[in-house]
């Protein structure tokens, strides 16, 4: 762990300005100290915007932004998945897309001469997601 | 100039007007967009958050479709761009990860070979079409229009994914200025719009959007121009929600860059496209004048 606890990540973070609980430097500190249960609990893993400002500004060439993905992957394994992400995950498995088209959009596309929505090979998506056990993972969510 | 066209989920589902403007301007600038049959969701950061390997495999499958077509990918969405570009970079650089992903893809008769490049539509306009040709295509310049450019996070971050040629925000500023408008500097221009927290923490998402809107307003702009469909939603619809919940009103019209360029090129937006905008854009479009 190359983190020197300088706090540049926190001072760069648009969410840390608003939510006191979200502090990237402290998250890195928790990783260093091995405070697993605190790190994966509640809202804490889910404030990051993935804007990668911290990653670009880290003087150690560190990967605070990427560390967030690792934290989230582990939090998910413990069943901590926000509803909004669970909806996307289920849609991905069922439709091959995280956002399915509204009826309104489909009508507009047809009426205004845009191609039908591009086809998705849903079977291929499901084969991949079964192999990676993604479908089992999302069943751990509520 | 021919590209594998990765349209993503959000744009066809929620913003067909954005796609329509791209389809209108592309042929006039010599850009041919070829559909990617069977392509799946890019697998955005939400899926990366759930499971890193699933994310890589789904994104790699999309890239392999473009490889089969023998074309570079062009996408309209900053999030699709980030997902596909990051996957492309990781799998080109790391043989162990590439082999692992290819073992998964073998089940769906697909393979990542590392033979293609991923571009955002604005990269194509800037690097492949070229600024001069874009300027030549402008028939009704937006002289006097003061624009806050909203680049969106993944236009140029994380920077290690972007070659030195791709100068991100600066390229977008120059494209906006090619239409005759002025890109006005403002505080926190490179900051996130808040959109990624939609559906996870709406309250924080709105507060992040408000930070941006406050600073755009302070810079005295007439309009916001973006290339990202998430920034578009967050800043356009977000203004309605901020008015309701945070009692602040901005009335800043939000345009996608493709719409701005289309109008500057002399092609009007249709009624249904105007209506897709929550903050009315007509007063901005009226600034465009025939030379």
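The values are calculated or read from the model by the stated rules, or taken from the named source; none is laboratory data. Given the structure is predicted, the values throughout are model-derived calculations rather than measurements. Note that each Cβ is placed from the backbone with ideal geometry, even for glycine, and that neighbours are counted across all protein chains shown.
Per-structure values
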| read-out | value |
| --- | --- |
| Residue list for the range B:74-84, filter: within 12 Å of chain A (Cβ to nearest Cβ) and assigned to a helix (DSSP H, G or I) | B:78, B:79, B:80, B:82, B:83 |
| Candidate set from the range B:231-241 (those that are within 20 Å of residue B:283 (Cβ to Cβ) and crowded, with 19+ Cβ neighbours inside 10 Å); member that is nearest to the chain's Cα centre (by Cα) | B:232 |
| Residue check, residue A:136 in contact with a helix residue (DSSP H, G or I) (Cβ under 9 Å, 6 or more places away or on another chain), exposed (fewer than 13 other Cβ atoms within 10 Å of the Cβ) and more than 7 Å from chain B (Cβ to nearest Cβ) | yes |
| Check on residue A:97, in contact with a strand residue (DSSP E or B) (Cβ under 9 Å, 6 or more places away or on another chain), surrounded by 17 or more Cβ atoms within 10 Å (Cβ to Cβ) and under 30 Å from residue B:19 (Cα atoms) | yes |
| Number of the condition not met by residue A:80 [criteria: (1) touching a helix residue (DSSP H, G or I) at 6+ places or on another chain (Cβ under 7 Å); (2) at pLDDT 90 or above; (3) outside any loop (DSSP other than H, G, I, E, B); (4) more than 8 Å from chain B (Cβ to nearest Cβ)] | (3) |
| Any hit, the range A:28-43, residues being facing chain B (nearest Cβ under 9 Å), surrounded by fewer than 20 Cβ atoms within 10 Å (Cβ to Cβ), touching a helix residue (DSSP H, G or I) at 6+ places or on another chain (Cβ under 8 Å) and in a helix (DSSP H, G or I) | no |
| Check on residue B:62, modelled with pLDDT of 95 or more, under 15 Å from residue A:128 (Cα atoms), in a loop (DSSP other than H, G, I, E, B) and not assigned by TED's automatic domain parsing to the domain that holds residue B:274 | no |
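Rundown of residues vs (1) within 18 Å of the chain's Cα centre (by Cα); (2) more than 9 Å from every other protein chain (Cβ to nearest Cβ); (3) farther than 20 Å from residue A:91 by Cβ; (4) free of Cβ contacts under 8 Å to residues at least 60 places away in the same chain, yes/no style:
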position: B:15; (1), (2), (3), (4): yes, no, no, no
position: B:43; (1), (2), (3), (4): yes, no, no, yes
position: B:72; (1), (2), (3), (4): yes, yes, yes, no
position: B:94; (1), (2), (3), (4): no, yes, yes, yes
